[in-house]
Amino acid sequence: MLVGVVLLLILELFVAVLSQGFTANVTRLLNSLLSRSYDQRIRPDIGGPPTKVTCNMHIKSLGPVEENDETFFMDIYFRQSWYDRRLSFSFPGIDELSMSWLFLEKIWKPDTYFINGKKSHLHGITSPNKFIRIRNDGLMTYSMRLTVASQCKMYLRKFPLDSQKCSLIIGSYGYMTDDVHYVWDESGVTIEKGVEMAQYDIVNVTTEAAKTALRGIDVYSVIEVTFYMRRSIGYFMLQIYVPITLVVCSSWISFWITPSDSSGRTSLGVTTVLSITTLGFGGRSSLPKVSYATALDWYVIICFAFAFAVMIEYAIINFMDKIAEDIRRLLEEETKKKSELEASTKANADKSLVVDEELEEIDAESLEVHPKLKYNFLPHRWFSVPADLSTQSIRDDLPWTPVPPITPSSRRSPVQSWNRHALTVILKVWKNFNFLPQEKEGLSEKGFSQIDIVARRAFPLAFTITMTTYTLLYAYYITDMSDDDM
């Protein structure tokens, strides 16, 4: 028993001695690698071919995408690999050394940055999330965890039926193509399983290498990854499209309300217009602020126009009904005045006939009283010898009809300046078009304007055709990009 304990103590002491020796050897190895001959300010193989930096990326999360700022965010593991022969080593039992972020401050590393990045940062909790591995042949693998906010040029003419293409461009900040050359490795860009975005579906991810970027007269090597995303319209269907469509359909109830119920039809029309205004134009802080009309804007405008047209339809009914009533009244007044004028003319004609008969009798009596009166005739004219009129009746003794004074009511009607036949035709057409015959069966049709009855079919049909055209245009003809970019 005692012997076993002694042997165990000796074994632990031997392992501790070996461990201290191994640690010391590794320390000496690292010190030798970072000797005075190593200069971290100089890239590997300087004076020779450019240093080849191989990159890959693993995406932990994507989103959100902000249309107002044209920015998309993602959380990634970004890895870079290059060869630095000055750090190659040979140590028994060790093929690769994993070093912490402190070691990175003592070696050369590429000055990689995101060309179209905006607010990218390195995670630093609980320590800077980066490390480096050194392989015995000098292969350096540098990994870090980043949150990248990248600029994304967005085309929102089809919003929210749009698809976006967002790119992330990676390159060197100071080294040109003669010094550093970037390429993607075989894995390229990978996305962790289960990564989704609330507003977009990831359609495809492509990588492109062997690209160059020109800044002034300097040429830099860059690589690019492109994300193709299609917007999910479920939110907009539930929050905007379906409610607005139902409000427009509700406005058609007005066609089944009698025109005499002006308060009911007006309140319904105003309510639907205000509802569409609130749903479509209110709360737009989360929607993109662009100078052109998007697909959503056009949809709201179309629905607003249909709801407003319902109110215009009722206004037209009232206006035309008022015009018809005015024309009917004027025609009745004209007819009444014409009848009165004919009666008056006939009465005056009868009275004139009586006066003429009396005058003839008076002339006959005057001839009998003065038989010796002679008439001298001259060519082309005649005149009579003045007669003695003392025995004849004077004009004041004759019966006469007084002329009524002119009053405002007896002045000429403005209808007389119109074509009476045209007014009659207009009134007849309006009678036939505005109201159905009273003997029409069905109480639901009685008393309704013919315009309302036509609108019951015309408005839904026109709305269906318009929405079908809207869908076809934005699905097949209207593109996401502008003409210049295409």
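The values are calculated or read from the model by the stated rules, or taken from the named source; none is laboratory data. The shown structure was predicted, so the numbers you read here are calculated from the model rather than taken from an experiment. In this analysis, Cβ positions are derived from the backbone assuming ideal geometry, glycine residues included, and neighbour counts consider all displayed protein chains. Areas reflect the complete protein model, heavy atoms only, side chains present, ligands, DNA and RNA absent. Shrake-Rupley method; radii C 1.70, N 1.55, O 1.52, S 1.80 Å.
Under the classification rounded if a/c is under 1.5, otherwise prolate if a/b is larger than b/c and oblate if not, where does segment 173-261 fall, given a ≥ b ≥ c as square roots of the Cα gyration tensor eigenvalues? Working shown, then result.
Numbers: a/c = 7.24, a/b = 3.09, b/c = 2.34.
Judged from the Cα gyration tensor, segment 173-261 comes out prolate (a/c at least 1.5, a/b above b/c).
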Summarise the accessible area of segment 95-199 (1.4 Å probe, protein heavy atoms) by the percent that is carbon and sulfur. 49 percent
Starting from the Cα gyration tensor of segment 100-158, multiply each eigenvalue by 5, take the square root, and state the resulting semi-axes largest first in whole Å. 31, 14, 9
Defining a contact as two alpha carbons under 8 Å apart and six or more residues distant in sequence, what relative contact order in percent does segment 148-239 show? 38 percent
Take segment 186-334, compute every pairwise Cα distance, and split them into 10 Å bins from 0; I just need the percent in each bin. 9, 22, 19, 17, 13, 9, 6, 4, 2, 0
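Taking the Cα centre of segment 244-326 as origin, sum charge times position over the Cβ atoms of Lys and Arg (+1) and Asp and Glu (-1), and report the length of that vector in debye to the nearest 20.
Details: 4 positive and 6 negative charges, 94 e Å.
Dipole magnitude for segment 244-326 comes out near 460 debye.
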Projected convex hull area of segment 241-314, Cα atoms, direction-averaged, in nm², equals 5.0 nm²
Report, by chain and number, residues whose modeled amide H sits under 5 Å from the one on K158, excluding near sequence neighbours (fewer than 5 apart, same chain). A295
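Quick one: with all protein chains in place, what share of the accessible area of segment 213-344 is carbon or sulfur, to the nearest percent (1.4 Å probe)?
Working: 4730 of 7010 Å².
Roughly 68 percent of what the probe reaches on segment 213-344 is carbon or sulfur.
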What is the P(r) of segment 229-282, as percent of Cα-Cα pairs per 10 Å bin from 0? 23, 41, 23, 10, 3, 0
